[in-house]
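None of the figures in this text is laboratory data; all of them are computed from the coordinates on show. Everything quoted here is computed from the prediction, not taken from an experiment. When we count neighbours, we look across all protein chains shown, and the Cβ atoms used for this are built from the backbone with ideal geometry, even at glycine.
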Amino acid sequence: MAAAEVNAAIVAGFANDDDWQVAFAAVESDQAATITAPRGWATLNAEGSTFVADNGNLLRGPFASTEWGAPPPLAAIQSIKDYGANAIHLYGEVFDPNYVSGVPGSGTAPGYAQSRIDQMVQMTRDEGLYLVLTIGNGGNNGSFNYDYVMDFWRLYADRYKNESHVLFEIQNEPHAWSTPYPQTVLNMEADAYTLIRSLAPDTPVLLFSIAVLGDGASAVSDLSQVSAAASIDWTKAGVAFHGYAGHQATPPAVETILNAGYPVFMTEFTAS
């Protein structure tokens, strides 16, 4: 079974300077007449395995970035619906590893791309699309800045708490690369979830963003720790993962997580 066939929603794609090149299966083209904007909250499917749209379809589509520049033009966003896509995975801001909360001049603070993210929220809202918002890593993949994570979500969870088409992914790939995660990462995930949930009680929250998911048992162990620490409501939360363990190792690990009762959501995939 290929990674794209795991019982998880897929939000992935390829971007260039002019437009998007997208690669995904059509999902909503046959039901365009029944779609209204803005979309209703994404909810778990009947199996409780992943989040789906308000009409029950999987969430799928390309990625975009507002980390360093303007969002894609409206025409490009509208065009993804021609392929049956219904969601965009947005790297909203890239964290500054030097940022310290409350210390002026320590680094770029969260909020620097607020106007650009606002545009993405509005365009996807108006076009009947979902938006998965996360923090990008830039040149610091496999790491995170605790202060940046907390201040980012202190701003944006409150700002978008009533946007029913938005989902929050805490941090892209906070650890290199597989579970088990260090305790510092688990603590961050629990603290960020608790903060987000206090500000946005209805928004789906995606945790972990596991880059290389090949060991389901250690992932479940980490999940159980974070779940207990943050009293996570798994009807409105899921485990984000990427497909970089490959098509042979990823599906069994995903099945282990599902069998333990945790929903999953694929936010990057690979062709390997």
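Which one of these is in contact (Cβ under 8 Å) with a residue 12 or more places away in the chain, in contact with a Ser or Thr (Cβ under 8 Å, 6 or more places away or on another chain) and surrounded by fewer than 14 Cβ atoms within 10 Å (Cβ to Cβ): ASP82, ASP96? Spell out the reasoning first.
Details: ASP96 fails: surrounded by fewer than 14 Cβ atoms within 10 Å (Cβ to Cβ).
Residue meeting the stated conditions: ASP82.
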Yes/no for ILE257 being of a type outside the set (Asp, Glu) and part of a loop (DSSP other than H, G, I, E, B): no
Pairs with Cβ under 7 Å, 6+ apart, first in the range 178-189 and part of a loop (DSSP other than H, G, I, E, B), second of a type in the set (Gly, Ala, Ser) and surrounded by 18 or more Cβ atoms within 10 Å (Cβ to Cβ): SER178/GLY214; THR179/ALA219
Filter result for the condition that a residue is hydrophobic (A, V, I, L, M, F, W, C) and surrounded by fewer than 21 Cβ atoms within 10 Å (Cβ to Cβ), over ALA192, ALA176: ALA176
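Residue-by-condition table, conditions (1) of a type in the set (Val, Ile, Thr); (2) surrounded by fewer than 16 Cβ atoms within 10 Å (Cβ to Cβ):
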| position | (1), (2) |
| --- | --- |
| ILE232 | yes, no |
| GLY238 | no, no |
| ALA245 | no, no |
| ALA249 | no, no |
| ILE257 | yes, no |
| GLY261 | no, yes |
| MET266 | no, no |
Filter result for GLY61 (part of a loop (DSSP other than H, G, I, E, B) and closer than 20 Å to TRP234 by Cβ): no
Scan of the range 155-171 for residues that are polar (S, T, N, Q) and surrounded by fewer than 24 Cβ atoms within 10 Å (Cβ to Cβ), ordered by number: ASN162, SER164
Pairs where the first residue, in the range 143-167, is farther than 19 Å from PHE265 by Cβ and the second is acidic (Asp, Glu) and part of a helix (DSSP H, G or I), C-beta under 9 Å, 6+ apart: TYR146/ASP191; MET150/ASP191; ARG159/ASP118
